[in-house]
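Engineer: Can you read through this structure? Questions will come right after.
The values are calculated or read from the model by the stated rules, or taken from the named source; none is laboratory data. Since this is a predicted model, take the numbers as computed values, not measurements. No Cβ is skipped: glycine too gets one built from the backbone with ideal geometry, and neighbour counts run over all protein chains shown. Remember, those area values only see protein heavy atoms, side chains included, never the ligands or the DNA or RNA. Shrake-Rupley method; radii C 1.70, N 1.55, O 1.52, S 1.80 Å.
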Amino acid sequence: SMQCFPSLVLALSALLGALALLQLSLYLRVPSCYGKHEERLCRPRGRLPARCAWFLQELPSFLVPALLLALRSPPRLEPLGCRLLCCLFCWHYFYRTFIYPFFTRGRPFPLQLLFFGTLFCIYNGFLQGYYLIYCAEYPNDWCTDIRFTSGLLLFLLGMGINIHSDLLLRQLRKPGEVTYKIPQGGLFTYVSGANYFGEIVEWFGFAIATWSLPAFAFAFFTLCCIGPRAYHHHRYYLKTFTDYPKSRKALVPFVF
Ligand code: NDX
């Protein structure tokens, strides 16, 4: 049966950090090639409807940790913190896999990115789940530790912002439409990448609540993945709409 190999966790987390840096160097100048940046930059050879693509891509991030949690024998009952934190991770990916794709009005997604995205979700789902279920040790009162409570609060706040902002973006289009408009309302009043801001806050909250290397590596990866994308969205809006609100920032309200 499986057990904890700390050096495996260390190696996988280090690789995740390295992928984050690779991503930063690749996508700081040129945006990753899907959604609004697709047409100007590249013409992907194959695409899949957004619904199927997001469902397939994100499914492993839900399934892998959920299966690790369910199938561990003997079941891990102590400490409570491990299961709780693993459930938080699965909860986000339940939303991203089973709810988000069914409402999206996004354009078809490039097959090549779908392939790498799926690999990434398997990798990260395994790393986070494996660490929490086989390796993590928390004192029994972790649920009242300031790191757990403040991290959980940030996680919930970020998730709320992310889900709300995804909803505002969706409402910009009627079903079947593929045009881009100026996002309005919620945190979009202050930033162009409100959904990304929420997601980044969420995963840093998760990292603080778990206080673990894999979770900090993933939060850093998220920052390097969608941080630059928020900046490219911002530039796209400024170029496309002459009446784009001048005070709006790219990612962080009032700052950047
Ligand atoms: N999926 C995370 N890397 C990614 C897919 C891409 O969940 O090769 C990481 C994720 C993957 C990436 C994933 C991993 C790394 C990859 C990358 C591609 C390259 C990269 C594989 C897995 C890579 C290396 C080198 C390391 C191998 O038509 P449309 O689609 O534009 O419509 C959009 C619509 N919309 C508008 N509608 C009307 N008017 C407007 N002005 C509009 N603006 C947007 O809203 C969409 O339907 C929808 C959202 O669009 P957008 O562009 O704001 O968000 P999007 O990027 O599609 O993300 C959707 C959600 C969002 O909440 C975000 O926070 C979350 O997913 N997300 C996304 C990416 C990664 C991630 C979270 C994370 O890292 N945690």
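Engineer: Could you state the accessible area per residue of the stretch 7-240 in Å², with a 1.4 Å probe and every protein chain left in place? It would help to have the intermediate numbers written out before the result.
Structural biologist: Working: 11280 Å² over 234 residues.
I get 48 Å² per residue for the stretch 7-240.
Engineer: Same structure again: I need the calculated FRET efficiency for the pair A18 and F98, taking r as the beta carbon distance and R₀ as 30 Å, to the nearest 0.05.
Structural biologist: 0.45
Engineer: Still on this structure: Semi-axes, largest first, in whole Å: what does sqrt of 5 times each Cα gyration tensor eigenvalue give for the stretch 12-164?
Structural biologist: Details: eigenvalues 201, 56, 52 Å².
Square roots of five times the eigenvalues give 32, 17, 16 Å.
Engineer: Compute the distance in nm between two label points, each set 7 Å from the Cα along the Cα-to-Cβ direction, one at R170 and one at L80.
Structural biologist: 3.3
Engineer: Right, something else. Lysine pairs in the chain with Cα distance under 18 Å, only those 8 or more apart or on different chains: how many are there? Let's see the in-between values first.
Structural biologist: Details: K36/K174; K36/K181; K36/K239; K181/K239; K181/K246; K181/K249; K239/K249.
Summing the qualifying lysine pairs gives 7.
Engineer: Let me cross-check C87: its accessible surface, 1.4 Å probe, with only protein heavy atoms counted, in Å² to the nearest 10?
Structural biologist: 70
Engineer: Another question about this same structure. Please calculate the 1.4 Å probe accessible area of H164, with all protein chains present, and give it to the nearest 10 Å².
Structural biologist: Surface accessible to solvent at H164 totals approximately 90 Å².
Engineer: If you wrap a convex hull around the Cα atoms of the stretch 127-229, how much volume per residue is inside, in Å³? Present the calculation step by step, with values, prior to reporting the outcome.
Structural biologist: On the way: hull volume 12.4 nm³, N = 103.
So the per-residue hull volume is 120 Å³.
Engineer: Over its Cα atoms, what ratio of radius of gyration to 2.2 N^0.38 Å does the chain give? Before the final figure, lay out the partial values.
Structural biologist: Values: Rg = 18.7 Å, N = 256, 2.2 N^0.38 = 18.1 Å.
Computed over Cα atoms of the chain, the ratio equals 1.03.
Engineer: Right, another one. Taking the alpha-carbon centroid of each part, what is the distance from the stretch 21-56 to the stretch 179-256 in angstrom?
Structural biologist: So the two Cα centres are separated by 17 Å.
Engineer: Further question on the same structure: Residue separation times 0.36 nm, minus the C-alpha to C-alpha distance between S73 and W91: what's the value?
Structural biologist: Answer, rounded to one decimal: 4.3 nm.
Engineer: At what distance in nm do the modelled label points of I182 and L157 sit from each other, each positioned 7 Å from its Cα along Cα→Cβ?
Structural biologist: It works out to 2.8 nm between the two label points.
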